[in-house]
1. Filter segment 233-255 down to the residues that are open to solvent by less than 50 Å² (accessible area, probe 1.4 Å) and more than 13 Å from Asp26 (Cα to Cα), then identify the one that is modelled with the lowest pLDDT.
2. Among the listed residues Val354, Val306, Val339, identify the single one that is surrounded by 13 or more Cβ atoms within 10 Å (Cβ to Cβ) and either out of contact with any Ser or Thr (no Cβ under 7 Å at 6 or more places or on another chain) or within 18 Å of Tyr126 (Cα to Cα) (or both).
3. Would you point out which residue out of Val140, Val154 is out of contact with any Asp or Glu (no Cβ under 8 Å at 6 or more places or on another chain), open to solvent by less than 20 Å² (accessible area, probe 1.4 Å), closer than 18 Å to Leu16 by Cβ and not hydroxyl-bearing (Ser, Thr, Tyr)?
4. Of all residues in segment 105-125, count the ones that are closer than 19 Å to Ser310 by Cα and touching a residue at least 12 places away in the same chain (Cβ under 8 Å).
5. Being open to solvent by less than 10 Å² (accessible area, probe 1.4 Å) and part of a helix (DSSP H, G or I) is the filter here, so list the residues in segment 188-220 that pass it.
6. Scan segment 32-53 and report the pairs whose first residue is open to solvent by 40 Å² or more (accessible area, probe 1.4 Å) and whose second residue is assigned to a loop (DSSP other than H, G, I, E, B) and not hydroxyl-bearing (Ser, Thr, Tyr), with Cβ atoms within less than 6 Å and a gap of 6+ or a chain change.
7. Run down Ser95, Ser129 and say which single residue is surrounded by 14 or more Cβ atoms within 10 Å (Cβ to Cβ), in contact (Cβ under 8 Å) with a residue 40 or more places away in the chain and touching a Leu at 6+ places or on another chain (Cβ under 6 Å).
8. For segment 66-84, check the following and say yes or no: at least one residue is under 17 Å from Phe276 (Cα atoms), surrounded by 17 or more Cβ atoms within 10 Å (Cβ to Cβ) and at pLDDT 90 or above.
Amino acid sequence: MDKSISVVLMYVLTHLGLIFFLYPEDIISSTNKGHWVVILIGIAIHFAVIATYMKGLSYFPRWDIIRIYRSAGKGIALLFLVPILLYLFVVTVLSVRAYSEVITIIFLSSTPLWAIMLLLLVLSTYIASKGVETLFRTGVLLSILFLPLTLFIVITSFQNMDWNYALPIFDLDLSFVAKPSFYQSFFAFSGGFLFLGYLQPYFTYQRNKVLLAAAALIPFFIFSVYIPLLTFGESTAFTLHFPFVVVVDTLSINWLMFDRVTMFFLLSLITFIMLFISLTLWQINRMLSQSLPFIKPVYLLLSLSVVVFSFCLMIPDWKMVEKLLWWNTPLRLFVFVTVPLSVLLLGLRAKRKVSHEHS
């Protein structure tokens, strides 16, 4: 069954949740001029990665990434599946911990952090436990409810921009390649593409529509960085945590009956992040279920959530979150680069093998 629309919406929503919080700060910290170059490099690599990944997956109809690697031998399976499992686990822990702190900072300052983490994780675990069909139906529902609101707020955030801050446009600084924040910015790209390799046993999707979804995200990557830059200027935006959220907090819409647009914007993004965490938990649970078939998947998922929550409690403050984001960079880049390439190479090898058998 073709579920291209559901896949496209899931792809867009999960990336939107990742873009507007951490990505702008990473890009602004990586350079003090020519930010568009840094953004376009990331986008170009993003397109190359997902195009390579989906091309490789197309050689294995109805196979998920777990079966693909296992068919190549135990050594290959361990080489790639173990880092993927570890990476998804770290992403889950960091997402729950980081976005719970964002909720605390913005509008629940008197609520204990552990309570917010627990609530976010319980809701995400519940959605993941219902299976992939429910997960994607939830994505469709959330897109209907919150995507128009998100688009409206992004468009409205143009109101305080000063275009003089954009000049000089072509004054470039290539020193960003040596900045940790440049590599940390790939968190917004690398977290949301792996799920494409887990869907094929359940339903099909059209690759060109996923590429169109990635193209539709390009303005959001640009806006998330340049709206804070053109509102506050580079020197001020550089000092801000969550610069796009700060921009939204300055919006004044006289005809709107609500005083704080920020709350609605954050609620929208938090639902997207909750969906992303649910999707990541489901992927991890799929891998664990294949490795431990004698344990019911629901018990594995519950145990996984308890372990994630325990690790979240071990992270004392935001500085440690930032350190973990940096320490996770080598693993992130390994998964981001080698998984698509390896799937493509295995696909080409399988194609040659089939051609040789028929000749």
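The values are calculated or read from the model by the stated rules, or taken from the named source; none is laboratory data. None of these values were measured; they are calculated from a predicted model. Because the Cβ atoms are built from the backbone with ideal geometry, glycine has one as well, and the counts that use them run over all protein chains shown. Ligands, DNA and RNA are stripped out before the accessible areas are found, and what is left, the full protein with its side chains, is counted by its heavy atoms. Shrake-Rupley method; radii C 1.70, N 1.55, O 1.52, S 1.80 Å.
1. Checking each candidate, the answer is Ile253.
2. Unique residue meeting the criteria: Val339.
3. Val154
4. Taking segment 105-125 as the starting set, the residues that turn out to be closer than 19 Å to Ser310 by Cα are 111-125.
Applying the additional criterion that residues be touching a residue at least 12 places away in the same chain (Cβ under 8 Å) yields 113-114, 116-118, 120-125.
The number of residues fulfilling the criteria is 11.
5. Ala188, Phe189, Ser190, Leu194, Phe195, Leu196, Gly197, Tyr198, Val210, Ala213, Ala214, Leu217, listed by residue number.
6. Qualifying pairs under 6 Å: Lys33/Asp171; Lys33/Asp173.
7. Ser129
8. yes
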